[in-house]
Each structure stands twice: as C-alpha cells, then as structure tokens.
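Scroll down for the structure; my scribbles are underneath it.
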Amino acid sequence: MPVVEAKQLEKTYIAGDIAVKAIQNVSFTIESASFVSFVGPSGSGKSTLLNMIGCLDPPTKGSLQVVGKDITILTRKQAAIFRGEHIGFVFQDFNLIPVLTVFENIEYPLLMVQNWPKKRRTEQVNTLLKAVGMADQGHKFPSQISGGQKQRVAVARALVTNASLVLADEPTANLDRTTANHIIELMKNMRDEFGTSFIFSTHDPKIVNNAETIFTLEDGQLLKNGGGNHV
Ligand code: ADP
Ligand code: ADP
C-alpha cells in the first residue's frame, strides 16, 4: 500500500482579494519504506505540499490519501488525531521541549494521542533511544546535548508512535556537514529497520543524492522529469 497517493492536487491561498495558486495539477505516489525528496526554489510550493501531506492544511481540490486514508474529508480535530497516530515530524531547529528530558521529549507523542500504558511507553522510548544511539542520554535536558544529538532525539520522537511516515523540512540545515551526514545515515537506517517512509523538503544535495525519488516543484507544479535520481 502506498503511504501517500496524490491526484490532481490543488491548493489556493486567499489573501484579501488575491488568490495564490500555490499547488496545481500535482499527482504522485510514495511507497512505504521510501526516501523521497521534494526540491525546488523558494516559493515553489514545497511547504504547502508537506503541510497537506502532514494533515496541517487541507487541499483546495484533488484527492490525497495518506496511509490509505482519504484525508481531505477529515475535520480539523480528526486530522490532528490522524497526524498524531501516523505521521512524525522533524524540523530544522529540532523543536525539542526544553523543560522535558530527552526521554520525556521522545515519550511526549505517546502521551498526547495514544493511550499507551506506562510500561509499554517506557519500553518503546528505550527502544528508540537505543536505535538512535542515545541509550544513556535519556536523563539529560536538550540544553545539555549537541545539535546532532538533538536531531537524533527528534528522529526518535518522530518514530515513537510507529508512524508510517516522517516529514522532514530541512532537517540538516542547522548541522555541520559531518553531523548532517550522520543524521542522514541514521534516517536511512531507521527507514530500513522500521519501514518508515521519509519525505524531505530540502536543498541539501546529500539528502537529494540519497533519495530514491526526487520530485522537483516549479511554480506549484511537478516537473515531468522529477522522478529520477538526479536534479
Ligand atoms: P516553498 O516552501 O517552496 O518556499 P511555499 O509552499 O511556502 O513554497 O509557497 C508557495 C506559494 O504559496 C508562494 O507563492 C507563497 O507566497 C504562497 N503562500 C504560502 N503560504 C501562504 C499563505 N499562508 N497565504 C498566502 N500565500 C501563501
Ligand atoms: P517501569 O515503570 O515500566 O518499570 P521506569 O519508569 O522504571 O519503567 O523506567 C525504566 C527505564 O526507563 C529507567 O531505567 C530509565 O532509564 C528510563 N526512564 C524512565 N522514565 C524516564 C525519565 N523520565 N527520564 C529519563 N529516563 C527515564
């Protein structure tokens, strides 16, 4: 089953009396356990598209199936629940909660939407801490760890609900090259281990080179040759 199936997607923003077509005629399929990158200049529609896939903002027209569900018919509240259960997010500035420990940051999504018993939560968080190489760091606060470690924690948090899909917007932008490469390797390993699909919006050539599928956006439309291994 594909994790994302978009057909003739369209998103129009209305700002005052001006309508901006941010996405139009966009159709694509993303399979499970994929590494996919959306590239394109600023303003080409990458954020708009990721926001629609992430159930943060509904399409204006077209069909969008995420993890087999038609998400265009969900209410705002249903979308929030669906997002919490199936989709993880990784951000360029990590977005960890500073007053929570590493352990608690990773546990947080399990408390928000899923009613896991404590023992199972602890096991799951410890599994993820180990998977991202942070097994002995759970007690630390975000201020006590490096940027690369913060992004490891963010990847663990994105995966903790057994999400089928992780959306990552410029996840390496605030990391030095070596650390960024380690994070890319980590995400590939997580894809292999958990079968999660990673969808990136990025300019990082290293991520683009590692993606099996590259979708190029220009003025809100997908370029026809956007599915190859080169940009
Ligand atoms: P990218 O992520 O590739 O930089 P965006 O998806 O942010 O592109 O933007 C695509 C287009 O939609 C741009 O023309 C942008 O100005 C417009 N846009 C994005 N968000 C909004 C909004 N909330 N209201 C009005 N226009 C928007
Ligand atoms: P249980 O109640 O299921 O026995 P515990 O709460 O005792 O689980 O935690 C088991 C392990 O998980 C501990 O050894 C600890 O390393 C880790 N852990 C649990 N809660 C936290 C926390 N808030 N911060 C850091 N580590 C934690």
Has the stretch 138-159 got any residue that is under 25 Å from Q78 (Cα atoms), within 16 Å of ligand 2 (Cβ to nearest atom) and buried (at least 18 other Cβ atoms within 10 Å of the Cβ)?
yes
With the structure loaded, tell me whether I81 is more than 16 Å from ligand 1 (Cβ to nearest atom), surrounded by fewer than 14 Cβ atoms within 10 Å (Cβ to Cβ) and of a type in the set (A, V, I, L, M, F, W, C) or whether it fails that test.
no
Could you list, ordered by first residue, the pairs with Cβ atoms under 8 Å in which the first is in the stretch 1-21 and within 16 Å of K46 (Cα to Cα) and at pLDDT 95 or above and the second is open to solvent by 60 Å² or more (accessible area, probe 1.4 Å) and outside any strand (DSSP E or B), at least 6 apart or interchain?
E10/T60; K11/T60; T12/T60
With the checklist (1) among the β-branched types (V, I, T); (2) exposed (fewer than 14 other Cβ atoms within 10 Å of the Cβ); (3) in contact with a Lys or Arg (Cβ under 8 Å, 6 or more places away or on another chain) in hand, flag the one item I97 doesn't pass.
(3)
Among the residues listed as N181, N174, the single one being open to solvent by 10 Å² or more (accessible area, probe 1.4 Å), in a helix (DSSP H, G or I) and either touching a Pro at 6+ places or on another chain (Cβ under 9 Å) or of a type outside the set (D, E, K, R) (or both):
N181
Kindly provide the set of residues from the stretch 8-19 that are of a type outside the set (S, T, Y) and open to solvent by less than 70 Å² (accessible area, probe 1.4 Å), ordered by number.
L9, E10, K11, A15, A19
All but one of (1) in contact with a helix residue (DSSP H, G or I) (Cβ under 9 Å, 6 or more places away or on another chain); (2) touching a residue at least 40 places away in the same chain (Cβ under 8 Å) hold for N181; state the number of the condition that does not hold.
(2)
Pull up the stretch 22-45, narrow it to residues that are within 8 Å of ligand 1 (Cβ to nearest atom) and either open to solvent by 20 Å² or more (accessible area, probe 1.4 Å) or part of a loop (DSSP other than H, G, I, E, B) (or both), then point me to the one that is nearest to A211 (Cα to Cα).
G40
Criterion violated by S63 - all others in (1) buried (at least 16 other Cβ atoms within 10 Å of the Cβ); (2) part of a strand (DSSP E or B) satisfied
(1)
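The values are calculated or read from the model by the stated rules, or taken from the named source; none is laboratory data. None of these values were measured; they are calculated from a predicted model. Every residue, glycine among them, receives a Cβ derived from its backbone with ideal geometry; neighbour counts consider all protein chains shown. The area values use the complete protein model at the heavy-atom level, side chains included, leaving out ligands, DNA and RNA. Shrake-Rupley method; radii C 1.70, N 1.55, O 1.52, S 1.80 Å.
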